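Note sheet for the following structure.
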Amino acid sequence: MRPPSPSIPEKKFLYDALKQSLRLDGRDMLDLRTPTFTFGPELGWVECAMGKTRVIAQLDAKMVKPLPERPFEGIITIHSEISPMASPDYEPGRPSEEEVTLTRMLDKVLRRSDAIDKESLCILAGQRVWQLRLTVHVLADAGNILDCSCLAGIVAFKHFRKPDVEVIGDEVTVVRIEMILLPKLTFFEQHSPSERAPISLAIHHTPFCVTFAFFPDVLTRPVVDPSLLEQRLSAGLVSIAMNAQREICVLHKAGGVPTAPEEVLRLINIASILVKDLDKRVEARLLEDWEGRKVEVR
């Protein structure tokens with residue numbers, strides 16, 4: 001059962017504050033909540049927190065047979081899960097509307113934008129490729145789970161390292177713990193992970209998602225990274241996914257109040273500034289984590 005809607009005093013208080021360019025958490029109208037990243041012992045495990053919104057993204061890889069129509073490309077699948085632990089708004093069982101929307105947006109931003117080079121995931125054309133599976137778990141929903149999930153997902157891709165694979169004629173060397181039998185190969189040799197350093201994914205660009213919330217009063221300016229109460233009382237949301245090079249990957253607006261083209265262009269300029277800051281923050285945090293890890297190459 002969904003919780004009741006915000007009360008009339010809550011609505012009036014929030015709307016009056018926004019008219020004065022004030023937000024309940026003390027942020028400016030165009031301020032993001034500072035994201036924090038926690039990396040697990042395994043490469044590709046990331047917990048991202050924006051305020052009290054928390055998301056875990058985990059990436060794993062396995063060798064599979066490629067799709068017949070794309071024999072030279074690897075496979076990327078994305079799954080999301082929002083349990084009642086995240087918020088009383090969500091019920092167990094069938095996926096909620098929010099979960100379906102989240103999965104679709106993650107697929108557009110991370111997979112269909114060609115952020116990851118799928119051809120680099122090919123091991124043997126038509127026989128074996130890497131399949132990357134990204135699983136996103138929403139632990140706590142305090143507003144704007146889309147931006148937090150996209151951020152956790154792209155950081156998981158950048159943090160992940162795939163096992164090294166060497167192919168010389170019919171001789172294949174795979175750095176992997178489990179034995180994997182490859183068909184139609186005359187020789188297969190296995191080494192432990194300590195003998196070869198894992199390889200980072202080939203990433204074309206790094207998209208980030210920035211969401212703006214609009215309100216019924218046209219005199220109220222839109223806010224970026226809405227909180228849960230702001231999101232519930234908003235009259236429309238606009239999500240812009242772009243990279244630090246100002247290339248727009250996705251622009252999503254599902255209903256809500258009409259938005260003038262000039263306003264959309266203004267939001268794109270604002271998002272480009274925020275995305276550059278996010279890109280620098282992510283690169284610095286990844287470098288810090290990588291320097292703290294020991295990788296032996298023999």
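The values are calculated or read from the model by the stated rules, or taken from the named source; none is laboratory data. These numbers come from a predicted model, not from an experiment. A quick note on method: Cβ atoms are made from the backbone with ideal geometry, for glycine too, and the neighbour counts reach across all protein chains shown. Only protein heavy atoms, including side chains, enter the accessible area calculation; ligands, DNA and RNA are left aside. Shrake-Rupley method; radii C 1.70, N 1.55, O 1.52, S 1.80 Å.
With a cut-off of 9 Å between beta carbons, the residues surrounding VAL210 carry a summed charge of -2, where Lys and Arg count +1 and Asp and Glu -1.
Amide H contacts for THR53 (H built 1.01 Å from N in the peptide plane; partners 5 or more residues away or on another chain; cut-off under 5 Å): ALA142. For the chain, a Gaussian network of Cα nodes joined below 10 Å ranks LYS158, LYS52, LYS12 by mean-square fluctuation, and the top entry is LYS12. When the chain is treated as a GNM with alpha-carbon contacts under 10 Å, the residue of ILE270, ILE168, ILE123 showing the greatest mean-square fluctuation is ILE168. Loop-located GluC sites (Glu not before Pro) across region 203-298 with a Cβ neighbour count of 11 or fewer within 10 Å are GLU296, with loop assigned by DSSP. With each label modelled as a point 7 angstrom along the Cα→C-beta vector, the THR34-SER21 pair spans 2.3 nm.
Note on the chain: the C-alpha convex hull projects to 17.8 nm² when averaged across all orientations.
Summing charges over all other residues whose Cβ lies under 15 Å from the Cβ of LEU278, with Lys and Arg as +1 and Asp and Glu as -1, gives 0. Counting only protein heavy atoms and a 1.4 Å probe, the chain has 52 square angstrom of accessible area per residue. Protection proxy ranking of 19-25, 78-84, 56-62, by the mean of other Cβ atoms within 10 Å over each peptide's residues and highest first, is 56-62, 78-84, 19-25.
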